[in-house]
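The values are calculated or read from the model by the stated rules, or taken from the named source; none is laboratory data. As the structure is a computational prediction, the values presented were derived from the model and not from experiment. In this analysis, Cβ positions are derived from the backbone assuming ideal geometry, glycine residues included, and neighbour counts consider all displayed protein chains.
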Amino acid sequence: MTPPLEWYLTFSAALFTIGLVGVLVRRHVLVIFMSVELMLNACNVALVAFGRHLDTLAGQNFVVFVVTVAAAEAAVGLGIILALARHKDTVDVGEMDMLKQ
Amino acid sequence: MELLSLLFLLFAAVALTAAVLVLLSRNPVHSVLFMLLTFVNVAAMFVLLQAEFIAVIQILVYSGAILVLFLFVVMLLAGGERPLPVLNQPLQAPAAVIVGLVLVSELVLVVLTSTVGGGRKGPDTPERIAAVGGNIEALGRQLYTTWLLPFEIASVLLLVAAVGAIYLAKEDL
């Protein structure tokens, strides 16, 4: 017997919330980006757990695409972070306010 | 309590602790390494859910590719040695923790009180998957038949992302 669906969903909710708090609290741009990845991973756990519970592989297929999009997002996002850090010479999101000026 | 539940609790505890430590570490390299611990434990959880292929791509793509990319960027970023104060504004941390607690209690309340266990069962029972030859074979068949168009679009997305990343990383942007 495997752990019930509710355990996985609770774990997923907790992981998502940790990622959300990370985005809100930290000011290092890389750590904020890592928190976004944590939230994506929490969604993956929920998708696979639901798929297992409902006897369907659609959840796992979704996760394959989520991982693909996460990889693309990481490549482009880290490129943007590199360009920003070269332009502004900082990793503090509080100082990245070019759109305000 | 049976073995699988104990393993689940162990993986969940380690993953959540490491996720909290990602946020609390001053050094971004430590954050990346704690995130590696989280991802490996989530991969173990996918094995518990009998999603072996997802567990493998979790290790390969997340732990292998994305985190190495993060480590490279930590290395390349200027001012990496200068530690930043964790907080943005004095009120921001308590407010964020309150928002997080409200969100997690709402989610757990919904999970525990609603009928999340209901819903129509699909065709992919463990016996059917075993008859096809296992998780990876069953997933591959669906990916290349039912989900063929999304699969091709995902490959185009990866190509666009690679071109975009190369353009953004140019020196004279």
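Applying the criterion of being touching a Phe, Trp or Tyr at 6+ places or on another chain (Cβ under 8 Å) and aliphatic (A, V, I, L, M) to the residues of the range A:10-37, the residue that is surrounded by the most Cβ atoms within 10 Å (Cβ to Cβ) is A:34.
Report yes if residue B:47 is loosely packed, with under 14 Cβ neighbours inside 10 Å, modelled with pLDDT of 90 or more, more than 10 Å from chain A (Cβ to nearest Cβ) and within 20 Å of the chain's Cα centre (by Cα), otherwise no. Step through it out loud before you land on a result.
Details: loosely packed, with under 14 Cβ neighbours inside 10 Å: no; modelled with pLDDT of 90 or more: yes; more than 10 Å from chain A (Cβ to nearest Cβ): yes; within 20 Å of the chain's Cα centre (by Cα): yes.
No: the conditions fail for residue B:47.
What do you reckon, is residue B:38 of a type in the set (Val, Ile, Thr), crowded, with 16+ Cβ neighbours inside 10 Å and assigned to a helix (DSSP H, G or I)? First the steps, then the outcome.
Values: of a type in the set (Val, Ile, Thr): yes; crowded, with 16+ Cβ neighbours inside 10 Å: yes; assigned to a helix (DSSP H, G or I): yes.
Against the criterion (of a type in the set (Val, Ile, Thr), crowded, with 16+ Cβ neighbours inside 10 Å and assigned to a helix (DSSP H, G or I)), residue B:38 qualifies.
Checking each residue in the range A:71-96 for being part of a helix (DSSP H, G or I) and in contact with a Lys or Arg (Cβ under 7 Å, 6 or more places away or on another chain) picks out A:93, A:94, A:95.
Run down A:6, A:95, A:73 and say which single residue is among the acidic types (Asp, Glu) and within 7 Å of another protein chain (Cβ to nearest Cβ). Quick ask: steps written out before the conclusion?
Details: A:95 fails: within 7 Å of another protein chain (Cβ to nearest Cβ); A:73 fails: within 7 Å of another protein chain (Cβ to nearest Cβ).
Unique residue meeting the criteria: A:6.
Just for the range A:41-70: of the residues that are surrounded by fewer than 19 Cβ atoms within 10 Å (Cβ to Cβ), part of a helix (DSSP H, G or I) and aliphatic (A, V, I, L, M), which one is farthest from the other protein chains (Cβ to nearest Cβ)? Out of the qualifying residues, it is A:66.
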